[in-house]
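Just so it is clear, none of the values below were taken in a lab; they were calculated from the coordinates. What you are looking at is a predicted structure, and each value in this text was computed from that prediction instead of being measured. Methodologically, a virtual Cβ is constructed for each residue, glycine included, from the backbone with ideal geometry; neighbour enumeration extends over all protein chains shown.
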Amino acid sequence: MATTTPSTRPRSSARFPNPGEAGKVSRDKRTRMYIGDCREWMAKLPKGAFDLVFADPPFNWKRDYDRNLTGHAWDDAQPEDDYLGFTYEWLDLAAERLADHGALWVNIPDTWAAEIVVHMKRARKWHLVNWCVWHYRFGQNTKSKFINSKVHALYFMKDPAHAERRWNPDAVAEVSDRRAIYGDPRTENKKDDWMEAGHRVPMDVWYGQYWGRVQGNNKERRHKHDNQLPEVYLGRVIGACTDPGDLVLDPFLGSGTTGTVARYMDRRFVGIEYSPANAEHAWDRMVTKGPYRTEALDNQRGVSTAIHPKRAGL
Ligand SMILES: C[S@@+](CC[C@H](N)C(=O)[O-])C[C@H]1O[C@@H](n2cnc3c(N)ncnc32)[C@H](O)[C@@H]1O
């Protein structure tokens, strides 16, 4: 089990709709899942109840998502205006579900990142706290332009100065390059900040061991899922932006990575998934199997992402 101090903050006592046949609730009530369109379910979820929303929506890249309850596939090839209308709708619903201190994270490729940032900043007047980049080394090969090797991880807040803001940099602190590469004595004698000597908050470009795309023979990979996020990605977001016992929402559950990591890290979780087949697999992963990278999730602190070996003579 991941090590974090339990939160002493008051917990949301929001009431949730009963999913009936269209979903599940774990015996301990810490994990819930609703099957269907996230816009319909989010409209039924209590407003202001969540501490974190993490969303990894369909990218409208013509993927053949699994069939929904009535046998129709999610349309992943919509006209641009329709897709953006859908995007703004779910963004607004998700934003309303968050408490004033809450954080909204969106995983999104180049195709739509700009539109989402403009919507959240201009229409909703939220703050873009970080524009992170998840960098991977196995991009789709092409000769006609530079190879794409990233997805954006956008971190928004309504009020970053809120007294109840969850921000736990210590839980995810890395070994600094000053220690790992340069052996700089100044980092070993840090007196002027709270962080342990030789450590710093991770930078906003994310890569490293276990951060590759979950494809091929990656041990995390779940059967029939080709769009899973790495568990350490969710470990970082959940570890930095929530406390144990906090409430996390993922409106696009997929293979259940967010819920699996949230449950492992002792957070309460609500997930929504359009495809019953995906939902079934996600439930098994979240509630029965748990994450694969338990060691990496337990030891997020103290990792180095230095891209050069230690310099000789320093
Ligand atoms: C990119 S995947 C999410 C992958 C997930 N982050 C993971 O690590 O496994 C998007 C998921 O959203 C689901 N989906 C698409 N449209 C939806 C909608 N309107 N409501 C709920 N789920 C939807 C798809 O079936 C798919 O499983």
Open item on the list: If I model a spin label at TYR207 and ASP284 as a point 7 Å from the Cα along the Cα→Cβ vector, what separation in nanometres do I get?
Closed with: 3.5
- [ ] Using a Förster distance of 22 angstrom, determine the FRET efficiency expected from the C-beta separation of ASP76 and ARG39, and round it to 0.05.
- [x] 0.90
- [ ] May I ask you to compute the full-extension gain from LYS224 to ASP64, defined as 0.36 nm times their residue separation minus their alpha-carbon distance, rounded to one decimal in nm?
- [x] 56.4 nm
- [ ] Counting other beta carbons within 10 Å of each Cβ, put MET42, MET265, MET195 in order, fewest first.
- [x] MET195, MET42, MET265
- [ ] For the stretch 219-224, just list the computed ³J(HN,Hα) in residue order, Karplus coefficients 6.51, -1.76 and 1.60, θ = phi - 60°, integers in Hz, with x standing in for Gly and Pro.
- [x] 5, 6, 5, 9, 3, 6
Open item on the list: Taking 26 Å as the cut-off for C-alpha to C-alpha distance, list the pairs among LYS121/LYS150; LYS121/LYS224; LYS145/LYS219 that go past it.
Closed with: LYS121/LYS224; LYS145/LYS219
- [ ] Report, largest value first, the span of the C-alpha coordinates of the stretch 23-298 along each principal axis, in whole Å.
- [x] 63, 48, 42
Task: Label-to-label distance, nm, for residues given as LYS145 and VAL25 (7 Å Cα→Cβ offset) - done: 4.7
Open item on the list: Using the Karplus curve 6.51 cos²θ - 1.76 cosθ + 1.60 with θ = phi - 60°, what ³J(HN,Hα) values do you get for each residue of the stretch 54-62, in whole Hz, with x for Gly and Pro?
Closed with: 10, 10, 10, x, x, 8, 6, 9, 6
